[in-house]
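Down below is the structure, laid out as structure tokens.
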């Protein structure tokens, strides 16, 4: 059984994999709670921005972190924060650091302004941790996180395509998709 927690505010996807031999619900609840605590820890990390994206897989307390961040210290800080979460036995850090690029930085900021200055996304922009993340690597854009509707997902992609990116991948999830995934996992 796979249990997923999507950190709406942080755009964080966490997966807790449960061993079949575990007592009914015991490991599942533990890994699920650890995953929730990891999401909270990342959300509360002040340096985690809309230009970073981190995912965590939790299985029997062993955490594997993946994703991309804009600075090396963020990768290290996130790993240290996760290692302190109650129930985490080990952390494998596979987070990569995005290359330094003036073009990528400019693209990030232009896309962020385009999305979050659009009146359809003002409610997202006012959140402490806006849920749409913009990851740019070598001119290639990936949108991650959670939005309220299919219309928001498509509009975000459209707004991201107008600045000369080599490609735009729309990996945004809708609230309905997140809810369905959670319902199926329990």
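Looking only at the stretch 116-146, which residues are without any contact (Cβ under 8 Å) to a residue 60 or more places away in the chain, in contact with a strand residue (DSSP E or B) (Cβ under 9 Å, 6 or more places away or on another chain) and either under 15 Å from residue 169 (Cα atoms) or assigned to a loop (DSSP other than H, G, I, E, B) (or both)?
Within the stretch 116-146, 139, 140, 141, 143 qualify.
Need the failing condition index for residue 108 against (1) part of a helix (DSSP H, G or I); (2) under 21 Å from residue 177 (Cα atoms); (3) touching a strand residue (DSSP E or B) at 6+ places or on another chain (Cβ under 6 Å), just the number.
Of (1) part of a helix (DSSP H, G or I); (2) under 21 Å from residue 177 (Cα atoms); (3) touching a strand residue (DSSP E or B) at 6+ places or on another chain (Cβ under 6 Å), only one is false for residue 108: (2).
Restricting to the stretch 38-64, name every residue that is touching a helix residue (DSSP H, G or I) at 6+ places or on another chain (Cβ under 9 Å) and assigned to a helix (DSSP H, G or I).
38, 41, 42
Looking at the stretch 90-105, is at least one residue part of a helix (DSSP H, G or I), touching a helix residue (DSSP H, G or I) at 6+ places or on another chain (Cβ under 7 Å) and surrounded by fewer than 19 Cβ atoms within 10 Å (Cβ to Cβ)? Working first, answer last.
Pass one, the stretch 90-105, residues part of a helix (DSSP H, G or I): 102-105.
Among the residues that remain, those that are also touching a helix residue (DSSP H, G or I) at 6+ places or on another chain (Cβ under 7 Å) are: none.
No, every residue in the stretch 90-105 fails to be part of a helix (DSSP H, G or I), touching a helix residue (DSSP H, G or I) at 6+ places or on another chain (Cβ under 7 Å) and surrounded by fewer than 19 Cβ atoms within 10 Å (Cβ to Cβ).
Condition test on residue 83, is it in contact with a strand residue (DSSP E or B) (Cβ under 6 Å, 6 or more places away or on another chain) and free of Cβ contacts under 8 Å to residues at least 24 places away in the same chain?
When the stated conditions are applied, residue 83 passes them.
What's the number of the condition residue 183 fails, among (1) within 18 Å of residue 53 (Cα to Cα); (2) loosely packed, with under 14 Cβ neighbours inside 10 Å; (3) not assigned by TED's automatic domain parsing to the domain that holds residue 44?
(1)
Filtering the stretch 155-176 down to residues that are in contact with a strand residue (DSSP E or B) (Cβ under 8 Å, 6 or more places away or on another chain) and in a helix (DSSP H, G or I), which residue is nearest to residue 121 (Cα to Cα)?
Of everything passing the filter in the stretch 155-176, 156 is nearest to residue 121 (Cα to Cα).
Considering only the stretch 159-172, how many residues are closer than 14 Å to residue 145 by Cβ and either at pLDDT below 95 or surrounded by fewer than 18 Cβ atoms within 10 Å (Cβ to Cβ) (or both)?
3
Of everything in the stretch 65-87, what is more than 12 Å from residue 55 (Cα to Cα), touching a helix residue (DSSP H, G or I) at 6+ places or on another chain (Cβ under 6 Å) and not in a helix (DSSP H, G or I)? Give them in sequence order.
Of everything in the stretch 65-87, those that are more than 12 Å from residue 55 (Cα to Cα), touching a helix residue (DSSP H, G or I) at 6+ places or on another chain (Cβ under 6 Å) and not in a helix (DSSP H, G or I) turn out to be 85, 87.
Does residue 32 qualify as being at pLDDT below 90, assigned to a strand (DSSP E or B) and buried (at least 16 other Cβ atoms within 10 Å of the Cβ)?
So residue 32 fails the test.
In the stretch 7-27, is there at least one residue being closer than 23 Å to residue 133 by Cβ, in contact with a helix residue (DSSP H, G or I) (Cβ under 6 Å, 6 or more places away or on another chain), at pLDDT 90 or above and not assigned by TED's automatic domain parsing to the domain that holds residue 146?
Scanning the stretch 7-27 turns up no residue that is closer than 23 Å to residue 133 by Cβ, in contact with a helix residue (DSSP H, G or I) (Cβ under 6 Å, 6 or more places away or on another chain), at pLDDT 90 or above and not assigned by TED's automatic domain parsing to the domain that holds residue 146.
The values are calculated or read from the model by the stated rules, or taken from the named source; none is laboratory data. It should be emphasised that the depicted structure is a prediction, and the values quoted were computed from it without experimental measurement. For neighbour counting, all protein chains shown are included, and Cβ atoms are generated from backbone atoms with ideal geometry for every residue, glycine included.
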